[in-house]
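The values are calculated or read from the model by the stated rules, or taken from the named source; none is laboratory data. Since this is a predicted model, take the numbers as computed values, not measurements. Neighbour counts are summed over all protein chains in view; Cβ atoms, including those assigned to glycine, are modelled from backbone coordinates with ideal geometry.
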Amino acid sequence: MRFDGIHHVTCITADAPGNVDFYTRVLGLRLVKKSVNQDDPTVYHLFYADEDGHAGSDITFFEYPNARPGVSGEGMIHTVVWRVASVDALEFWADRLSAEGHEVEPDGESVRFANPEGLEHELVVSHVGDEPLVARNPEIPRELALQGFEGVRAYGHTSDEFLSALGFEQHDGRWDTRGDTRGGWIEYGDAPEAAGVGGAGTVHHVAWASTMDDQPAWRQRVLDAGGRPTEIIDRFWFRSVYFREPSGVLFEIATLGPGFEADEDPAHLGEKLILPPAFEHLRDRVEPVLTPLPNPREHWVAR
């Protein structure tokens, strides 16, 4: 068994409206699900992805209004790495982000920048044959758009034996995994001296993609490797197992399905607050405390 690359990356924001603007308007992703944190349903869980909400392109955010800024440190992911198609795409993004007031760092076949709350991102030219996972946006030509995740960078030094037991293979300092549909990687490096602090602009966890059938075996493999996984948790759109790898990074194993179309028309993903069936009885309590958010596509001009 091998993971099919990264399923999703979940982060923290203190500003849901600004977060929606940055990831949908500036980066051109689609808001594919507007829901709540199933472990704390008083706060948003926002999902951005490609046009169809595929795993492998899905960056998600818990909103904790007025949360203090976080600082990445030991045992934390600090950079999310995305694929683009070409050097021309890198130039497009450097110009677009600069025009939006973001500091960019071009470096050969990559461009680095941070979101408005300091979460680091990197764009790299793709050299794999994986299907490009692209969202539709009138300001961003398809050939220049983000194409899904390449990998993540973390602070810490994990156990080689542990990651090897989970099917990762080390290449050029990165731990790669490639299944039937996609691949991805995690790279570790020395942490800053200051301790990390979770908060706005930090990554909460990275999820690796599994088939539904393989997930129980993955959980057992984590146990056999010395990890302490949760039970399988039904998140409605996918099923999840959580555990920390030896350096402290929170991993999730998430299934490829049922998917975001299980309870919404694909043409209208992300347009209204969706609660999984087990949480629907809380709607009258949670909806009034959530920050009102617009439909990012409501005022699009057709091109």
Legend entry - Those residues of the range 46-61 which are out of contact with any helix residue (DSSP H, G or I) (no Cβ under 8 Å at 6 or more places or on another chain), charged (D, E, K, R) and not in a strand (DSSP E or B), in sequence order: ASP50, GLU51
Inset, instruction - Enumerate the pairs (first residue in the range 202-215 and within 17 Å of THR13 (Cβ to Cβ); second residue anywhere and in a loop (DSSP other than H, G, I, E, B) and of a type outside the set (Lys, Arg)) with beta-carbon separation below 6 Å, excluding pairs fewer than 6 apart on the same chain, so at least 6 apart or on different chains. - result: THR202/GLY70; THR202/SER72
Inset, instruction - Specify the residue that is nearest to the chain's Cα centre (by Cα); the eligible residues are those in the range 97-126 that are modelled with pLDDT under 95 and either assigned to a strand (DSSP E or B) or not acidic (Asp, Glu) (or both). - result: PRO106
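Among the listed residues HIS157, HIS171, identify the single one that is within 24 Å of CYS11 (Cβ to Cβ) and loosely packed, with under 15 Cβ neighbours inside 10 Å. Break it down stepwise before answering.
Numbers: HIS171 fails: within 24 Å of CYS11 (Cβ to Cβ).
One residue alone meets the criteria, HIS157.
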Inset, instruction - State whether the residues of the range 287-298 include one that is within 27 Å of ALA14 (Cβ to Cβ), at pLDDT below 95, of a type in the set (A, V, I, L, M, F, W, C) and surrounded by fewer than 18 Cβ atoms within 10 Å (Cβ to Cβ). - result: yes
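Every residue, every condition in (1) of a type in the set (D, E, K, R); (2) over 30 Å from GLU169 (Cβ atoms); (3) in a strand (DSSP E or B), yes or no:
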site: CYS11; (1), (2), (3): no, no, yes
site: VAL32; (1), (2), (3): no, yes, yes
site: GLU74; (1), (2), (3): yes, no, no
site: PHE92; (1), (2), (3): no, yes, no
Inset, instruction - Run down ARG96, ARG142 and say which single residue is touching a residue at least 40 places away in the same chain (Cβ under 8 Å) and either among the basic types (Lys, Arg) or surrounded by fewer than 18 Cβ atoms within 10 Å (Cβ to Cβ) (or both). - result: ARG96
Inset, instruction - Pick out the one residue from GLU252, GLU231 that is at pLDDT 95 or above, among the charged types (D, E, K, R), touching a strand residue (DSSP E or B) at 6+ places or on another chain (Cβ under 9 Å) and surrounded by 18 or more Cβ atoms within 10 Å (Cβ to Cβ). - result: GLU252
Legend entry - The lone exception for GLU161 - which of (1) part of a helix (DSSP H, G or I); (2) in contact with a Pro (Cβ under 7 Å, 6 or more places away or on another chain) it fails: (2)
Legend entry - Leading residue by the ranking (surrounded by the most Cβ atoms within 10 Å (Cβ to Cβ)) among those in the range 45-76 that are within 11 Å of the chain's Cα centre (by Cα) and polar (S, T, N, Q): SER57
Inset, instruction - Sort out which residues of the range 174-190 are of a type in the set (Gly, Ala, Ser) and not in a strand (DSSP E or B), and write them in order of number. - result: GLY179
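Residues are listed down the side, and each one gets a yes or a no for (1) closer than 30 Å to ARG68 by Cα; (2) of a type in the set (A, V, I, L, M); (3) not in a strand (DSSP E or B):
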{"residue": "HIS205", "(1), (2), (3)": "yes, no, no"}
{"residue": "ALA209", "(1), (2), (3)": "no, yes, no"}
{"residue": "ASP213", "(1), (2), (3)": "no, no, yes"}
{"residue": "ALA217", "(1), (2), (3)": "no, yes, yes"}
{"residue": "GLU231", "(1), (2), (3)": "no, no, yes"}
{"residue": "PHE243", "(1), (2), (3)": "yes, no, no"}
{"residue": "SER247", "(1), (2), (3)": "yes, no, yes"}
{"residue": "GLY257", "(1), (2), (3)": "no, no, yes"}
{"residue": "GLU261", "(1), (2), (3)": "no, no, yes"}
